[in-house]
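Derivation of every value follows stated rules applied to the coordinates shown; laboratory data play no part. This one's a predicted model, so the numbers in the text were calculated from it and none came from an experiment. Ideal geometry is used to build each Cβ from the backbone, glycine not excepted, and the neighbour counts take in all protein chains shown.
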Amino acid sequence: MPILQKIKNPNDLKQLSLDELLILAKEIRDEIITTCATTGGHIAPSLGVVELTLALYRVFNADRDKIIWDVGHQTYTQKLITGRNVKFHTLRIYQGISGFPKRSESKYDVFDTGHSSTSLSAATGFALARDSHGDTYDIISIIGDGSLGAGMAFEALNHIGHLNKDVIVVLNDNERSIGESVGALSQYLNRIITTRTYNRFRDDLWKFLGRFPPYVRDRGRNLAKRIQEGLKGLYAPAVIFEELGFRYIGPLDGHKLGELIDTFLRVKEMRGPRLIHVVTKKGKGYRPAEEHPETFHGVGPYCVDTGDVKPKAQSWTGVFGDAIVRLAKQNKKIIAITAGMCLGTGLKKFREEIPERFYDVGITEQHAVTMAAALALEGYIPVCAIYSTFLQRAYDQIIHDVCLQKAPVIFAVDRAGLVGADGPTHHGPFDFSYFRCIPNIIISAPKDGDEFIALLKTAIDYRKGPFIIRYPRGGCLEVAHKDPAKLPIGKWEILQQGSDIAIIAIGSMVKEAEAALLQLKEKNIRPMLINARFAKPLDTEMLHDIIRKVKKIVTIEENTLCGGFGSAVMEFYDAIEKPVAIHRLGLPDEFIEHGSRQILLKITSLDAYGIARKINSLA
């Protein structure tokens, strides 16, 4: 019987020998590789932390301690050892288990995560709560080197060090390797600085120096600290963490399970802020993922034997990636900016062909937006390609640094609406609402690839302020015209004349509305269909004209109904005091769970069938 099938909760790991744990690690890798080949998922990050996860849950008490995973896309091993093995085949499938930590799913998921760099702030809050009610459990945050570069992570590091709280930070560094000689020295020194004798001597020396007058005490402590930092500085980037108030241990080989367990046992006995630097390899144990970690960071179904990813139809992201390269080669002022998502936002081709005008700033959306604002004010044309859900993190910068100054930044807002299997942390259902209330901004959403390119050309030519183009995840019809004409800003398009009812659809919902009309045609219902394509400004001329022709209006958007496109239409008619029956279709005021995008559209009645059923009820 495989060892993995015997693991019902993390406490079962404590009964296994090191050899058995190593066998378990192999079984876990096989399970992740096989399952993700069907469901897709974040395979490279999860394969990289198998040994690290087993060591953490072997040493610490997961029933009592708080083990917090930053981002959470590396928690597949954690799911397999915390009672979800039998459900693992449902990973990322509708009504199956989530691809990220969810408190509602397991008591071992102590904090819901999906965006990076939140774990240290959460750890601070848990530490304050723990100490306030006199408890003593351990708090461990696992954060990647990419996530550590975000401002929020440094804010939390600074605060934890200032508070001198008992918090353990595991820095999962998967961007570099350990040389043998450096590794040997670091292992030797780590054994020294984590022993009870060393730490007792260090603490006793600190207390001893505290008996002297301040001048002598401070000089003595400073000298002792410099000696320790000097030793560590021989082999590791320890000084910055020490200056922030952390004890630094590392770097460790993140795939040597015995060494990890031994170090965690020693660190567990220490007090105060501690940082353990662990070096891992993304995709460890699966050659395609090791060789192509960017592709296998988040991937769809693939062939286990070859690693070949199943081919996809033309995507919205692909249309953007191809078009922005063509346009940038024609205009030397165009600059592409992304925040750690080059491949995901379709900018890989731009990076390869125009590297001098490509900037990946890492997971720092706020910095990306303000940097883009300054570039725009200097006459450049920055195109910020950021997922809708991640752009929320730069909301203040959009308002204060971009819109207030009318900086002509172009925002390519990918993954708008329902993204599918990644679930509520990655859906983008709020951008119409959070953009629409800001002055000096143009908001658009194309119905197809041709219109997408036309809007890009329009945005590049528009130099009066920021310009939003939002588009969904998934397939897009093949582009018929790679050089379409620019569009008049704020002007809509009538796709079908009709009577009684006007359907005003925007973005991804135009295609669904067109499919709904085919169903309605069989029932002799022929509404007017309008492609709005601009949520701000509205086509007020057409809105005036519509109510002279129809009695009812239906708006359709892949955005929350709260403050979205439909609300804008209602506000317009309310302002001109024209009573009209308006029915809004959109996403409900709740967080939508994970599942395929088509299933999610169906359960929210935003697929063709749901739209047709609503129109039929109004006819």
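Axis angle, to the nearest 10 degrees, between helix 449-461 and the longest C-alpha principal axis of the chain: 80 degrees.
Among residues other than LEU13 with Cβ under 11 Å from its Cβ, the summed charge is +2 (Lys and Arg +1, Asp and Glu -1). When the alpha carbon coordinates of the stretch 316-470 are projected onto the principal axes, the ranges are 37, 33, 30 Å, largest first. In the stretch 493-618, the inverse of the mean reciprocal separation of distinct Cα atoms equals 14.6 Å; this is its Kirkwood hydrodynamic radius.
If we count other beta carbons within 10 Å of each Cβ, what is the order of HIS159, HIS115, HIS400, HIS594, fewest first?
Exposure proxy ranking, most exposed first: HIS400, HIS159, HIS115, HIS594.
Rounded to the nearest 0.05, the FRET efficiency derived from the C-beta distance between LYS312 and ASN164 at R0 = 60 Å is 0.75. Looking at the chain, the DSSP beta bridges with both ends there are about 15 percent antiparallel. Positive end of the dipole of the stretch 444-506 (Cβ unit charges, origin at the Cα centre): among GLY475, SER499, ILE460, the Cα lying farthest that way belongs to ILE460. Cβ-Cβ distance of GLU577 and LYS602, R₀ of 51 Å, FRET efficiency by 1/(1 + (r/R0)^6): the value works out to about 0.85. Only residues of the stretch 457-491 count here: report those whose backbone N is under 14 Å from the spot 7 Å along Cα→Cβ of ARG326, or say none. Flagged as within label range: 457-458, 478-486.
Would you give the gap between the C-alpha center of the stretch 104-174 and the C-alpha center of the stretch 83-100, rounded to a whole Å? Their Cα centres are 25 Å away from one another.
Compactness check for the chain: Cα Rg over 2.2 N^0.38 Å is 1.08. Using the Cα gyration tensor of the stretch 24-113, with a ≥ b ≥ c the square roots of its eigenvalues, what is the shape: rounded (a/c below 1.5), prolate (a/b larger than b/c) or oblate (neither)? Here the stretch 24-113 falls in the oblate category.
Modelled this way, with points 7 Å down the Cα-to-C-beta line, the labels at GLU593 and LEU128 are 3.3 nm from one another.
Mean projected area of the Cα convex hull of the stretch 18-167, taken over all directions, amounts to 9.2 nm². Pairs from the table (LYS8/LYS165; LYS26/LYS348; LYS329/LYS602; LYS79/LYS284; LYS511/LYS549; LYS552/LYS602) lying more than 29 angstrom apart at Cα are LYS8/LYS165; LYS26/LYS348; LYS329/LYS602.
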